[in-house]
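Visitor: I'd like to ask you about the structure that follows.
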Amino acid sequence: PVTELQLMTDGERQLLLAQWNATRVELAPQSGLAQSFQAQVERSPDSIAVAFADQRLTYRELNARANQLAHHLRAQGVGPDVLVGLAVARSADLVVGLLGILKAGGAYLPLDPDHPNDRIAYMLAEGRPAALVTQRRLADRFVATEVALTFIDDPALLATYPAAKDRKSTR
């Protein structure tokens, strides 16, 4: 019967199933996203990390912006297990925001700016984040909230913080 025909030799089967499929990678113990990202920055700082529309950020640039945001958030009291809302439209800023929150030691609450205002208000009320990272053009969506807003697209704000990771950083 055709089902009993050998389509590959033993050598081909070994190559396909064992050698080509040997993709196991040892990760550092308790390596989180921020630590894995930092390792990638050190390996290839000038490679493109984020590409969105006409915007490109290298790993070095992305790391610097995320570090500045992390410093700002830590100055606002963000640390381990502190929830930070992230309401940013799909863009390179979204990746900067996510990494910045993680580098500050916080946890992020994703808020889709395209959701209805009632849904966002409910999530903010239930989650009670300590801070909210958003973009200036979305500010009117959060006028009723008492959460401190950080505008990720405000270069003057983030430029006041160092681009390097400090030694006291939780991440």
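The values are calculated or read from the model by the stated rules, or taken from the named source; none is laboratory data. Just so it is clear, the structure is predicted and the values come from calculations on it, not from any experiment. Don't worry about glycine lacking a Cβ; one is built from the backbone with ideal geometry, like all the others, and counts go over all protein chains shown. In case anyone asks, the SASA skips ligands and DNA or RNA and just uses the protein heavy atoms, side chains included. Shrake-Rupley method; radii C 1.70, N 1.55, O 1.52, S 1.80 Å.
Visitor: With all protein chains present, how much of the accessible area of the chain (probe radius 1.4 Å) comes from carbon and sulfur, to the nearest whole percent?
Guide: C and S atoms contribute 54 percent here.
Visitor: Next question, about the same structure. How large is the helix-only mean residue ellipticity at 222 nm for the chain, computed as the sum of -39500 (n - 2.57) over DSSP H runs with n ≥ 4, divided by its residue count, in deg cm²/dmol to the nearest 500?
Guide: The helix-only estimate for the chain comes to -10500 deg cm²/dmol at 222 nm.
Visitor: Rounded to the nearest 10 Å², what accessible area does Glu126 show when all protein chains are kept and the probe is 1.4 Å?
Guide: Here the accessible area works out near 120 Å².
Visitor: While we're here: Hey, got a sec? Which chymotrypsin sites (Phe, Trp or Tyr not before Pro) in region 1-86 land in a DSSP loop and have at most 15 other Cβ atoms within 10 Å?
Guide: Trp20
Visitor: Hey, another quick one. In the Gaussian network model of the chain, springs joining C-alpha atoms below 10 Å, which of Arg65, Arg141, Arg13 carries the largest mean-square fluctuation?
Guide: Largest GNM mean-square fluctuation: Arg13.
Visitor: Ranked from highest to lowest mean number of other Cβ atoms within 10 Å per residue, what is the order of the peptides 129-140, 89-100?
Guide: The peptides rank, most packed first, as 89-100, 129-140.
Visitor: What percent does the relative contact order of the chain come to when contacts are Cα pairs within less than 8 Å and at least six residues apart?
Guide: 22 percent.
Visitor: Let me ask you something else. Write down Rg/Rh for the chain, rounded to two decimals, with Rg from the C-alpha atoms and Rh from the Kirkwood relation over Cα pairs.
Guide: So for the chain, dividing Rg by the Kirkwood Rh gives 1.18.
Visitor: While we're here: Can you tell me the accessible area per residue over the chain, all protein chains present, probe 1.4 angstrom, in square angstrom?
Guide: 63
Visitor: Could you list the residues of region 131-166 with an amide nitrogen less than 17 Å from a label point located 7 Å from the Cα of Arg60 in the Cα-to-C-beta direction?
Guide: 163-165
Visitor: Next question. Report, to the nearest 10°, how far helix 117-127 tilts away from the longest principal axis of the Cα atoms in the chain, using its own Cα long axis and a range of 0 to 90°.
Guide: 80
Visitor: Size of the dipole of the chain about the Cα centre, Lys and Arg at +1 and Asp and Glu at -1 on the beta carbon, nothing else charged, in debye to 20?
Guide: Approximately 580 debye in magnitude.
Visitor: Assuming R0 = 25 Å, what is the FRET efficiency of Ala121 and Leu157, from their Cβ-Cβ distance, to the nearest 0.05?
Guide: Result of the calculation: an efficiency of 0.50.
Visitor: Using the C-alpha gyration tensor of region 28-89, what are the square roots of 5 times its eigenvalues, in whole angstrom, with the largest one first?
Guide: 22, 17, 11
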